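The numbers here are math on the coordinates, done by the rules we state, and not lab data. All figures in this text were calculated on a predicted structure; none of them were measured in a lab. Here the Cβ positions follow ideal geometry from the backbone for every residue, glycine too, while neighbour counts run over all protein chains shown.
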């Protein structure tokens, strides 16, 4: 991370991550409808390829930075692994279980940051992580009504997806501040689009009906091009563990949108969504407030 970040700049990073999470979550219904008409891997290829074209039209006008290709390919590779494992895993487990395990990335981010980089997250952030996990259990109810139980192939694949997405957050935490967010995002989404393009020929092909193509375009612009630029911009100033908690606005926004469009949330799910928002507030507000209190106390002469 960069050495010194002004409070105003840090606040813009927080807002960017929350808006990115809303963008990710807002397209859930469109994606769900699209993959009922086309296979997931070709859909990912088209979605990320369209986003790459849009981003490169803008990025080519912006100056390159040293090592941006290396960092973008590493981050994009983590994204590619995560999306592929999640997609395959969904064939063997329920969507609720997949959502719960995927968003366990909020636990893996501080663990990876500590193990790989020796970075200790703020204690209040860890409290936020614990509250968020409880909220996820209530919001997604991964075991509720499932026909099968246990931890099988789908769950293992999705756990790998969560670790890959957590790795992506950690990688951006180390690299985002060095690069232009549009150029770094363009490289990332190009890696995912290219990685899915050839397998997509054999895993369903590209004969998309109009509704699926429209969904691919919409998700390419909102949940891919815009959302990943915002994530890179936000992670240039926000520590990875806190960024992971802020990104948990995604499942909340997806659930609320589903409720608005005819799939209302139950009382337990509403409680889970509320707990996740509490976790976001804890990670967003409490560390700064506590640090100011400690600094003020230490400044008082004894």
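Tell me, what is the percent relative contact order of segment 179-290, built from C-alpha pairs under 8 Å that lie six or more residues apart?
29
At 0.36 nm per residue, and after removing the present C-alpha to C-alpha distance, how many nm does the segment from residue 91 to residue 217 gain when stretched out fully?
43.0 nm
So how far, in whole Å, is the C-alpha centre of segment 117-132 from the one of segment 22-58?
Segment 117-132 and segment 22-58 have Cα centres spaced 32 Å from each other.
Quick one: 133, 73, fewest Cβ neighbours within 10 Å first, how do they rank?
73, 133
What is the gain in length, in nm to one decimal, between residue 202 and residue 116 on full extension, counting 0.36 nm per residue of separation less the C-alpha to C-alpha distance?
Fully extending the segment from residue 202 to residue 116 adds 27.3 nm.
What is the order of 177, 168, fewest Cβ neighbours within 10 Å to most?
Starting with the residue having the fewest Cβ neighbours, the order is 177, 168.
Per 0.36 nm of contour for each residue apart, how much would the distance between residue 70 and residue 261 grow if the chain were fully extended, relative to their Cα-Cα spacing?
Contour length minus Cα-Cα distance gives 64.6 nm.
Sort 47, 11 so the one with the fewest other Cβ atoms within 10 Å of its own Cβ comes first.
Ordered from fewest to most neighbouring Cβ atoms within 10 Å, 47, 11 come out as 11, 47.
How many nm separate the modelled label positions at residue 53 and residue 15, each set 7 Å beyond the Cα in the direction of the Cβ?
For residue 53 paired with residue 15, the spin-label model returns 3.3 nm.
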